[in-house]
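*Asks:* Pasting a structure here, questions to come.
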Amino acid sequence: MTGDEFPRTWKGRLIEAGKIMGAIAAIFGGCSLIWGMTFGPLREIYTMASGFVEDFRRLEATVQQLQLDVARANGEDRVIRQPEGLSYIQEPVTQGDDVVMILVIARTRLGEGCRLIDWVPIFTDELNIPTPGERSRKGPVSRQIDTNTQRLRVEMVPPDVLRPGRVVVYLTLTYRCPGAEGETTLEDRTDSLSYRLLPGT
């Protein structure tokens, strides 16, 4: 019906009444939905769903942090792993002597594809000042290790400034590793090992 007059036939009146009832039902449904989402039970359902989504996000972040913590505890976030108590410094060591480290070490899964490109020994005496030493053999690093534990003999030249007494040494390791965007450089280090430096004659 396009005019403003109400139809005179019963058929037309039924159609118009249906339109009016449909409009009333749509208005009532819209009001019911608004009431349900603001004051009624739908609000509680929406709040519960929002809370569930937020709890799920927190749980996901917690799981990711736990995975990182487990990897860190297992040493899998590093390039190398070093079984505790197996590495040591050959003694006696006297001032002026080279230092020989017996290093028991392996690569982790993270470091399996990496290549050692440089290492530097760091020495600390009773003054607690880290001082770099030198490798006894110059040139590029030739020997690489894999994920199997290996026993290496590492010869180092300590700095001349070390005082006799307890000395601690570790190696800083520089690796070239494959990554998603090409090769990257990663730094790692060995555990600290101590020895007694005897005065020279």
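*Asks:* Which shape class applies to the stretch 77-164: rounded if a/c is under 1.5, otherwise prolate when a/b exceeds b/c and oblate if not, where a ≥ b ≥ c are the square roots of the Cα gyration tensor eigenvalues? Mind dumping the intermediate values first?
*Replies:* Values: a/c = 2.00, a/b = 1.77, b/c = 1.13.
In terms of gyration-tensor shape, prolate.
*Asks:* In nm, what is the difference between 0.36 nm times the number of residues separating Gln90 and Thr131 and their Cα-Cα distance?
*Replies:* Working: separation 41, 0.36 × 41 = 14.76 nm, distance 1.99 nm.
Answer, rounded to one decimal: 12.8 nm.
*Asks:* Continuing with the same structure: ³J(HN,Hα) across the stretch 167-172 via Karplus (A = 6.51, B = -1.76, C = 1.60, θ = phi - 60°), whole Hz, x for Gly/Pro?
*Replies:* Here the 3J(HN,Hα) series is 10, 10, 9, 9, 10, 8 Hz.
*Asks:* Sort 147-155, 8-16 for me by packing, meaning the mean count of neighbouring Cβ atoms within 10 Å per residue, highest on top.
*Replies:* Listed from highest to lowest mean packing, they are 147-155, 8-16.
*Asks:* For the stretch 140-156, just list the computed ³J(HN,Hα) in residue order, Karplus coefficients 6.51, -1.76 and 1.60, θ = phi - 60°, integers in Hz, with x standing in for Gly and Pro.
*Replies:* x, 6, 9, 8, 10, 10, 10, 7, 7, 5, 10, 10, 10, 9, 10, 9, 10
*Asks:* What nm distance separates the two modelled labels at Val168 and Asp118, each placed 7 Å from Cα along Cα→Cβ?
*Replies:* Here the answer is 2.4 nm between the modelled labels.
*Asks:* Going by amide H atoms built from the backbone, whose H comes under 5 Å of the H on Gln95, apart from near neighbours?
*Replies:* Leu198, Gly200
*Asks:* For Leu86, which sequence-distant residues (separation of 5 or more, or a different chain) have an amide H within less than 5 Å of its own amide H, given hydrogens modelled in the peptide plane?
*Replies:* none
*Asks:* For the stretch 192-201, what does the Karplus curve 6.51 cos²θ - 1.76 cosθ + 1.60, with θ = phi - 60°, yield as ³J(HN,Hα) per residue in whole Hz, taken in order and with x for Gly and Pro?
*Replies:* 7, 10, 10, 8, 9, 8, 8, x, x, 8
*Asks:* Just the accessible area per residue of the stretch 129-199, please: how many Å² with a 1.4 Å probe?
*Replies:* Values: 4510 Å² over 71 residues.
Result: 64 Å² of accessible area for each residue.
*Asks:* Please compute the length gained on full extension between Asp160 and Val53, using 0.36 nm multiplied by the number of residues separating them and subtracting their Cα-Cα distance.
*Replies:* The span from Asp160 to Val53 would gain 32.3 nm if fully extended.
The values are calculated or read from the model by the stated rules, or taken from the named source; none is laboratory data. Everything quoted here is computed from the prediction, not taken from an experiment. Neighbour counts run over all protein chains shown; Cβ positions are idealised from the backbone, glycine included. Each accessible area value is taken on the protein alone, full model and side chains, heavy atoms only, with ligands, DNA and RNA left out. Shrake-Rupley method; radii C 1.70, N 1.55, O 1.52, S 1.80 Å.
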